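I have placed the structure first, in the form of structure tokens, so that the comments after it can refer back to it.
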Ligand code: NGS
């Protein structure tokens, strides 16, 4: 049968190498003038499957990665990001899918809870072993910055143009991070309490340390990012309080207590879109 034939072919495929050898070291700055018109062709030209998924045709990727992006009201940034990141991820020979998790409700943005939702929704689609939690305004500059999981949770965006490529503080775990599914489950994901800007990434960092893991980073010349410009968010007033009290909630606030309603789920050509009521 045709099905049996497909199975034989699939099993003949070799494993892709963990890190492709021919990775160039640097890339062009993203094309900021990209528009919806160009995006229509991207999925076709790059053989992207419905929902913004892809896997290498010639080998079996050793990385199954869900890329989860919290989102609201950043249309242009999303277009720039998508047009840049798909070709980037394909050069790294990953099996990946892009999830855009959009807060469908007004009021303060809850980045961390959206990331928890992305985790839960991704696992309904495929048993991803690696998760990348990623802001939409971050553009990786080096192909050697693999969008895959290391043994320890990794802070990926440690060398950022807006910080003049310096790490502002050692514990920073914001922007773009990679963590194994098992590790995310172990730390009970993110806190759901952080409405408004700030602190949720610091809380996540404490959860990881609290579970005996250590953070890792690639060298600054690899972990290099450009941030797309936008107005700065207003920090929330209760972020320090949430952070202080957060330590007592590691077990009782996280993916194990996550409650939300999916308003819409659409498999768009370049991403899986989940509109959610938190
Ligand atoms: C800290 C925030 C983090 C934030 C980091 C970098 O102060 O959430 O700054 O922000 N922590 C608190 O507010 C408690 S940045 O300069 O990239 O805008 O990620």
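The values are calculated or read from the model by the stated rules, or taken from the named source; none is laboratory data. As the structure is a computational prediction, the values presented were derived from the model and not from experiment. In this analysis, Cβ positions are derived from the backbone assuming ideal geometry, glycine residues included, and neighbour counts consider all displayed protein chains.
Residue check: is residue 122 within 25 Å of residue 183 (Cα to Cα) and in a loop (DSSP other than H, G, I, E, B)? So residue 122 fails the test. For the range 158-165, the count of residues that are crowded, with 24+ Cβ neighbours inside 10 Å and under 16 Å from the mean Cα position of the chain (by Cα) is nonzero.
Within 18 Å of residue 113 (Cα to Cα), in a loop (DSSP other than H, G, I, E, B), touching a helix residue (DSSP H, G or I) at 6+ places or on another chain (Cβ under 8 Å) and within 14 Å of the ligand (Cβ to nearest atom), is that true of residue 204? Spelling it out, it is not the case that residue 204 is within 18 Å of residue 113 (Cα to Cα), in a loop (DSSP other than H, G, I, E, B), touching a helix residue (DSSP H, G or I) at 6+ places or on another chain (Cβ under 8 Å) and within 14 Å of the ligand (Cβ to nearest atom). With 91, 106 as the choices, which residue is at pLDDT below 95 and closer than 30 Å to residue 250 by Cα? The match here is 106. Taking the range 154-189 as the range and being in contact with a helix residue (DSSP H, G or I) (Cβ under 6 Å, 6 or more places away or on another chain) and within 12 Å of the ligand (Cβ to nearest atom) as the test, the residues that pass are 171, 173, 174.
If I filter the range 224-255 down to residues being more than 14 Å from the ligand (Cβ to nearest atom) and either assigned to a loop (DSSP other than H, G, I, E, B) or surrounded by fewer than 11 Cβ atoms within 10 Å (Cβ to Cβ) (or both), which single residue comes out as farthest from the chain's Cα centre (by Cα)? Only one residue tops the list, namely 248. Pairing each residue of the range 4-22 that is closer than 16 Å to residue 90 by Cβ with any residue that is modelled with pLDDT of 85 or more and in a strand (DSSP E or B), provided the two are 6+ apart or on different chains, yields C-beta distances under 9 Å for 16/60; 16/95. The residue pairs whose first member lies in the range 177-189 and is in a strand (DSSP E or B), whose second member is surrounded by fewer than 19 Cβ atoms within 10 Å (Cβ to Cβ), and whose beta carbons are closer than 7 Å, counting only pairs six or more residues apart or on different chains, are 178/150; 180/129.
Answer yes or no as to whether residue 199 is away from the ligand (no atom under 16 Å from the Cβ), crowded, with 20+ Cβ neighbours inside 10 Å and at pLDDT 95 or above. Criteria not met by residue 199. The residue list 246, 254 contains one member that is farther than 30 Å from residue 143 by Cβ and free of Cβ contacts under 8 Å to residues at least 60 places away in the same chain, which is 246. Taking the criterion of being within 16 Å of the ligand (Cβ to nearest atom) and within 20 Å of the chain's Cα centre (by Cα), the residues of the range 207-219 that qualify are 207, 208, 215, 217.
Residue by residue, here is whether (1) assigned to a strand (DSSP E or B); (2) closer than 25 Å to residue 194 by Cβ; (3) within 15 Å of the ligand (Cβ to nearest atom) holds:
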residue	(1), (2), (3)
76	no, no, no
80	no, no, no
90	no, no, no
109	no, yes, yes
145	no, no, no
152	no, yes, no
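Taking residues in the range 223-239 that are touching a residue at least 60 places away in the same chain (Cβ under 8 Å) and under 14 Å from residue 200 (Cβ atoms), and partners anywhere that are in a loop (DSSP other than H, G, I, E, B) and within 10 Å of the ligand (Cβ to nearest atom), the pairs with Cβ atoms closer than 6 Å and at least 6 places apart or on different chains are 236/196; 236/198.
Look at residue 70 and say whether it is in contact with a helix residue (DSSP H, G or I) (Cβ under 9 Å, 6 or more places away or on another chain) and assigned to a loop (DSSP other than H, G, I, E, B). For residue 70, the condition - in contact with a helix residue (DSSP H, G or I) (Cβ under 9 Å, 6 or more places away or on another chain) and assigned to a loop (DSSP other than H, G, I, E, B) - is not met. When the criteria are applied in full, residue 92 fails the requirement of being over 18 Å from residue 178 (Cβ atoms) and within 17 Å of the chain's Cα centre (by Cα). Filtering the range 207-223 to residues that are in a loop (DSSP other than H, G, I, E, B) and in contact with a strand residue (DSSP E or B) (Cβ under 6 Å, 6 or more places away or on another chain) leaves 215, 217, 220, 223.
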